[in-house]
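Every number here is computed from the coordinates shown, using simple stated rules; none is lab data. Everything numeric here is computed off the predicted structure, so don't read it as measured data.
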Amino acid sequence: MKKKAIIFGITGQDGSYLSKFLLKKNYIVHGVKRRVSNLNTERIDDIYSEPFSNDKNFILHYGDLTDSLSINHIIKKVKPNEIYNLAAQSHVAVSFEIPSYTTNTDALGTLKILESIKEIDKKIKFYQAGSSEMFGKVVETPQSEKTPFYPRSPYAVAKVYSHWITINYRESYGMFAANGILFNHESPIRGETFVTRKIVKALCKIKNNKQKKLYLGNIDAKRDWGHAEDYVEAMWKILQHHKPDDFVICTGKQYSIKTFVNLTAKTLKMPIKWKGKGINAKAFDRNNNCIIECKKKYFRPAEVDSLIGDYSKAKKILNWKPNKSIHDLIKEMIDYELNRS
């Protein structure tokens, strides 16, 4: 008997990678997407042509985390073994502009799924996608499962609520409800507004004379960057563990945004030279043309300066570790952009 999984947020980066991972594990995958005017299925369109996919094991449903009825209906209809909640308004900067919507989706949406599981079938395993942004203004380095949260954005605050309501339902109702605290993870299909994809896409265009300049915010911010393909395996392993628990998923290595730019430029064989610091920092090409500049509008109202995780618990208990380095990631992202142009 094949296992059935529901993925909320099927059309996102993680939803796409997780779908393919579960299909290869012989799951029947039910994806939930919001009804919008455009199809918005680009990241999963290729699944329909994969050899393991057909109408019987990859099924899309319309639903919305702000709508309890749609959540209930889908869970009752599918009767899944596992539910992965990857749906969110996931852009940190945007969460300052639409905090109410971010809260309704990212916090209360999780509550709605948990409540549905409680009422329909408490045997359903539930995975909640947490974020390293919950650590925010860090109180210790590196950050582990025991590190206190200090969220610095509406997005991070909403994710903290989701984290604790997941634990609360686990402890109150004996549900298999688990959290993955995932640090930044990227891929060629990362959203174009996220800084890594923005950097790679812009530098590829600048190299090919299709763009003149890239504008960034706080280039000194440091992050722990991994590959989404590695991280969806961790999500699955979290739900295969014999008991529900919470795990930090990361690489344990840290790079600044400026370093990410330098590594991308180096891979593209684009020599650049920096002048100035902070908001006055600028990067120049070999012809002394300014190709990167910092703008105040790209800074957050409350910055998160440094994040780096400790995945020793996941390594010990789940036998999980990241396989792809930041160099692998950047090369893959560059190849994707250059093949599209």
Computed over the chain: longest principal axis from alpha-carbon atoms vs helix 326-340 long axis, angle to nearest 10 degrees, is 80 degrees
Karplus-derived 3J(HN,Hα) from phi for region 266-283 (6.51 cos²θ - 1.76 cosθ + 1.60, θ = phi - 60°), whole Hz, x at Gly and Pro, runs 5, 5, 7, 6, 10, x, 10, 10, 8, 9, x, 10, x, 5, 8, 5, 9, 10
Length-normalised contact order of the chain, Cα under 8 Å, at least 6 apart, in percent, tallies to 17 percent
Relative to the chain, whose Cα atoms define the longest principal axis, helix 108-120 and its Cα axis are tilted in degrees, nearest 10, by 20 degrees
Using the Cα gyration tensor of the chain, the equivalent ellipsoid's semi-axes, largest first and to the nearest Å, work out to 35, 22, 18
Amide H neighbours of Leu216 at under 5 Å, excluding residues fewer than 5 places away on the same chain, with H built from the backbone geometry, are Glu293, Cys294, Lys295
Dividing the mean separation of Cα pairs under 8 Å (6+ apart) by the residue count of region 273-337 yields a relative contact order in percent of 15 percent
By the Cα gyration tensor axes a ≥ b ≥ c (a/c under 1.5 gives rounded; else a/b larger than b/c gives prolate, otherwise oblate), the shape of region 61-126 is prolate
Rounded to the nearest whole number, the Stokes-Einstein translational diffusion coefficient of region 292-336 at 25 °C and 0.890 mPa s (Kirkwood radius, C-alpha pairs) in µm²/s is 171 µm²/s
Out of Tyr17, Tyr231, Tyr215, a Gaussian network model of the chain with alpha-carbon springs under 10 Å gives the largest mean-square fluctuation to Tyr215
Normalised Cα Rg of region 46-169, dividing by 2.2 N^0.38 Å with N its residue count, works out at 1.19
For region 152-250, the Cα gyration tensor yields equivalent-ellipsoid semi-axes (√(5λ), largest first, whole Å) of 36, 16, 9
The pairs in Lys205/Lys275; Lys4/Lys112; Lys207/Lys237 lying past 31 Å Cα-Cα in this model are Lys207/Lys237
With Cα coordinates, the longest principal axis of the chain makes an angle with the long axis of helix 228-240, in degrees rounded to 10, of 20 degrees
